1. Less than 13 Å from a label point 7 Å out along the Cα-to-Cβ axis of Met204: which backbone N atoms in region 214-233 qualify, by residue?
2. Modelled label-to-label distance, Ser26 and Leu86, 7 Å Cα→beta-carbon offset: nm?
3. Springs between alpha-carbon pairs under 10 angstrom, Gaussian network model over the chain: which of Pro298, Pro231, Pro29 fluctuates most?
4. If you build a Gaussian network model of the chain, linking Cα atoms that sit under 10 Å apart, which residue out of Thr163, Thr246, Thr258 swings the most?
5. Count charges around Glu96 for me, please; just the other residues with Cβ under 14 Å from its Cβ, Lys/Arg as +1, Asp/Glu as -1.
6. Using only alpha carbon pairs under 8 Å that are at least six residues apart, calculate the relative contact order of the chain and give it in whole percent.
7. Summing Lys, Arg as +1 and Asp, Glu as -1, what charge do residues with Cβ under 12 Å from the Cβ of Gly179 carry, Gly179 excluded?
8. With each label point set 7 Å from Cα along the Cα-Cβ vector, what nm distance links Phe15 and Ser316?
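Computed from the coordinates by the stated procedures, all read-outs in this text should not be read as laboratory data. Since the model is a prediction, treat every value here as computed from it, not as a measurement. Heads up, the Cβs are rebuilt from the backbone with ideal geometry, glycines too, and the neighbour counts pull from every protein chain shown.
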Amino acid sequence: MPNPPQPTFRHRVEFRLFRVLDRLLSAFPKSTVQTLGRGMGLLAFHLDRRHRNVALENIRASNLGLTDQQAHDVARASFRHFGELLFSSIPMMHAEASELDRLVTVEGLEHFDAAVAEGKGFIQLTGHYGNWEAIALAQSRHGRGLAVIARELDNPLLEPELTRLRTRFGNTVIPKDGGVRGSLKALKAGQGVGFLLDQDALGMGIFVRFMGRWASTFLTAGTLAVRFDLPILPVFSWPEADGSTTVRFDPPFHAPRTENADQDIWTATQLMTHRIEAQVRKDPRWWFWMHQRFKTQPKDGHPVPPQEWIESYSASFPPQA
């Protein structure tokens, strides 16, 4: 194995700043931390013009039917939310089990158990909505551990610290560079593998419809679901008015399988993307609008799926009201 990278001066400074911020935030009451985070999010909304414009463009181009003022309000609320998430996630990662139970309410664990009961592993599906770190942490606290694919941090001092916090209740982390191999190993052991399926996949993805637009989407989750007939377990989270977070598992489902594997993988990916979209539509304030989700668009060499696939999907899975 290659030797781990040696920490640079910048890495050491970043690590010390993290330690200071960690101690400061852990010393404040939860409400104070959340207020500070929301304030930083609002400050970023006003000062970070580039990401503000990305968020506004994404919202206006999506088929949410919002006015310009409503789009502005959603973008502003999204910045506030993710500022709060950034600040509150640090002390939450240290929370003891009893404190975590007060911070996060988990619903639908019977659906997790149903996916496990099939005995062949499963795909746990979510997106950059609400607080995905709270999902993984809270479910493992309830004895429902998960294998999570995660990109290693550039800072070799911070990476083991983050991994320790993420795995302290029983989760495991699969490095993104070996994601397929690690996923297969976890599935073989009957584990669930977590996927956040709403990132731009650049030229490595397949195009599915998301919020009324084509979006390049990674196909690993769809490929695994189809190849091994795995249950797909949707789970989402959102903040409550009292500052707590609710996590909800939905019933697992299977993607259809036919004699056309490529079409089945596309259908599975579209089905999973639709579940994320349905959650975003319930309350778009909690989605990560400042990500350039739609940057990659169809072109030569990266076409949209054949029309017959789209028509077959629309006939089998009509949009829900």
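1. Answer for this model: 217-221.
2. Reported label-point gap for Ser26 and Leu86 is 2.1 nm.
3. Pro29
4. So, out of Thr163, Thr246, Thr258, the one fluctuating most is Thr258.
5. +2
6. 22
7. Net of charged neighbours comes to +2.
8. My value for the distance between the label points is 5.1 nm.
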